[in-house]
1. Check off (1) within 14 Å of the chain's Cα centre (by Cα); (2) more than 20 Å from VAL90 (Cβ to Cβ) for PRO36 and give me the number that stays unchecked.
2. Counting only residues that are of a type in the set (Gly, Ala, Ser) and under 13 Å from the mean Cα position of the chain (by Cα), which one in segment 10-29 is surrounded by the fewest Cβ atoms within 10 Å (Cβ to Cβ)?
3. Among the numbered conditions (1) touching a residue at least 40 places away in the same chain (Cβ under 8 Å); (2) surrounded by 13 or more Cβ atoms within 10 Å (Cβ to Cβ); (3) more than 21 Å from LEU111 (Cβ to Cβ), tell me where THR5 comes up short.
4. For residues that are without any contact (Cβ under 8 Å) to a residue 60 or more places away in the chain and of a type outside the set (S, T, N, Q), tally how many sit in segment 78-131.
5. Go through the residues of segment 81-91 one by one and say whether even a single one is touching a strand residue (DSSP E or B) at 6+ places or on another chain (Cβ under 8 Å), among the β-branched types (Val, Ile, Thr) and under 25 Å from ALA63 (Cα atoms).
6. So which residues in segment 25-37 are assigned to a loop (DSSP other than H, G, I, E, B) and under 21 Å from HIS3 (Cα atoms)?
7. List the strands (runs of 3 or more DSSP E) inside segment 38-129, counting only whole elements, that have at least 2 residues being surrounded by fewer than 12 Cβ atoms within 10 Å (Cβ to Cβ) and of a type outside the set (Lys, Arg).
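The values are calculated or read from the model by the stated rules, or taken from the named source; none is laboratory data. Predicted model only: the values in this text are computed from it and were never measured. Note that each Cβ is placed from the backbone with ideal geometry, even for glycine, and that neighbours are counted across all protein chains shown.
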Amino acid sequence: MQHITLPSAKALHLPFCSAVRAGDFLFLSGAIGNRPGTMNLVEGGLQAQARQAMENIGEVLGACGLGFADTVKFTIMLADMRRWAEFNAVYLGYFDPDRLPARSAFGPSGLALGGEVEIECIAYWPAVAAA
């Protein structure tokens, strides 16, 4: 097992790492719409936070030599499930429409920093790619 913490995340001294590799899979911690290295959410509401959360995920994937095409499962947490279509307008822009990852979603009673969205994912990272 390998624990991965990006420098921007390490600077925040939070009680979790950016991702954990277990076997051929990379499990990313939940990402919110904060500016990297800060505890400040981006301005602009749900779509801006969703875009920043996806960019934060992309930063972790990229640090491991992976991209969104390597993801296999996403879990989406929306503060307001009625805004699902708004979220999808951002989310779908990160994928080939014929190769979407598996996904589930739910509406929790609250999210970190009062955010509107949190996203976590699992990516496939075969041993050959890591060598």
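1. (2)
2. Residues of segment 10-29 that are of a type in the set (Gly, Ala, Ser), as a first pass: 11, 18-19, 22-23, 29.
Filter again for under 13 Å from the mean Cα position of the chain (by Cα), leaving 18-19, 29.
Numbers: SER18: 23, ALA19: 27, SER29: 19.
The residue in question is SER29.
3. THR5 satisfies every listed condition except (1).
4. Going through segment 78-131, the residues without any contact (Cβ under 8 Å) to a residue 60 or more places away in the chain turn out to be 78-110, 128, 131.
Checking the rest, the ones that are also of a type outside the set (S, T, N, Q) come to 78-87, 89-103, 105-108, 110, 128, 131.
The qualifying residues number 32.
5. To start, the set of residues in segment 81-91 that are touching a strand residue (DSSP E or B) at 6+ places or on another chain (Cβ under 8 Å) comprises 81, 84, 87, 91.
With among the β-branched types (Val, Ile, Thr) added as a condition, the list becomes none.
Checked segment 81-91: no residue is touching a strand residue (DSSP E or B) at 6+ places or on another chain (Cβ under 8 Å), among the β-branched types (Val, Ile, Thr) and under 25 Å from ALA63 (Cα atoms).
6. Initial filter on segment 25-37 (assigned to a loop (DSSP other than H, G, I, E, B)): 29-30, 33, 35-37.
Result: SER29, GLY30, PRO36, GLY37.
7. Details: elements: 71-78, 102-106, 117-124.
Ranges flagged: 102-106.
Rundown of residues vs (1) modelled with pLDDT under 95; (2) closer than 17 Å to GLY110 by Cα; (3) in contact with a helix residue (DSSP H, G or I) (Cβ under 9 Å, 6 or more places away or on another chain); (4) not acidic (Asp, Glu), yes/no style:
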| site | (1), (2), (3), (4) |
| --- | --- |
| LYS10 | yes, no, no, yes |
| HIS13 | yes, no, no, yes |
| CYS17 | yes, no, yes, yes |
| VAL20 | no, no, no, yes |
| GLY23 | no, no, yes, yes |
| ARG35 | yes, no, yes, yes |
| THR38 | yes, no, yes, yes |
| VAL42 | no, no, yes, yes |
| GLN47 | no, no, yes, yes |
